[in-house]
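I am attaching a structure below and will ask some questions about it afterwards.
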Amino acid sequence: MWTYQVIRNQIKKVDDIQFQINRVDRQIRALKSKQMIAPSLTEKLTINAKITCLISTSRKLKINYIAIKSEVDSNV
């Protein structure tokens with residue numbers, strides 16, 4: 001699963017920040033579509049847990065965007 005720390009470690013350039021945010025948001029949309037057509041409640045709940053985790057990750061990336069950018073800029 002994509003957690004904030006895993007994604008944060010993949011960011012090496014400033015352009016990677018927005019790319020990762022978009023990637024997580026696309027994954028959220030894909031899982032929401034998958035959740036709607038899931039045949040059982042168990043599958044829907046499992047997918048919902050993944051969506052919740054990804055939403056949290058997306059929010060953390062967006063909130064910490066400037067801090068991550070500053071950190072990446074200072075490493076370059």
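Considering only protein heavy atoms and a 1.4 Å probe, what is the carbon-and-sulfur percentage of the accessible area of the chain?
56 percent
Run the reach check for K34 against lysines, Cα to Cα strictly under 30 Å, same-chain hits fewer than 8 apart removed. What comes back?
K44, K50, K60, K62
For a quick protection proxy, order the peptides 21-29, 38-46 by their average other-Cβ count within 10 Å, most packed first.
Details: 21-29: 15.2, 38-46: 11.0.
My ranking of the peptides, most packed first, is 21-29, 38-46.
Between the helical axis of 41-63 and the dominant principal axis of the chain, each derived from Cα atoms, what acute angle in degrees is found, rounded to the nearest 10?
In the chain, helix 41-63 runs at an angle near 20 degrees to the longest axis.
With the Cα gyration tensor of the chain giving a ≥ b ≥ c as the square roots of its eigenvalues, does the rule (a/c under 1.5 for rounded; else a/b larger than b/c for prolate; else oblate) give rounded, prolate or oblate?
On the way: a/c = 3.50, a/b = 2.97, b/c = 1.18.
The shape class here is prolate.
Give the relative contact order (percent, whole number) for the chain; include only Cα pairs under 8 Å separated by 6+ residues.
Values: 50 pairs, mean separation 35.6, N = 76.
It rounds to 47 percent for the chain.
The values are calculated or read from the model by the stated rules, or taken from the named source; none is laboratory data. Because the structure is predicted, anything quoted here is derived from the model rather than measured. So basically every Cβ, Gly included, is an ideal-geometry build from the backbone, and we count neighbours across all protein chains shown. Areas reflect the complete protein model, heavy atoms only, side chains present, ligands, DNA and RNA absent. Shrake-Rupley method; radii C 1.70, N 1.55, O 1.52, S 1.80 Å.
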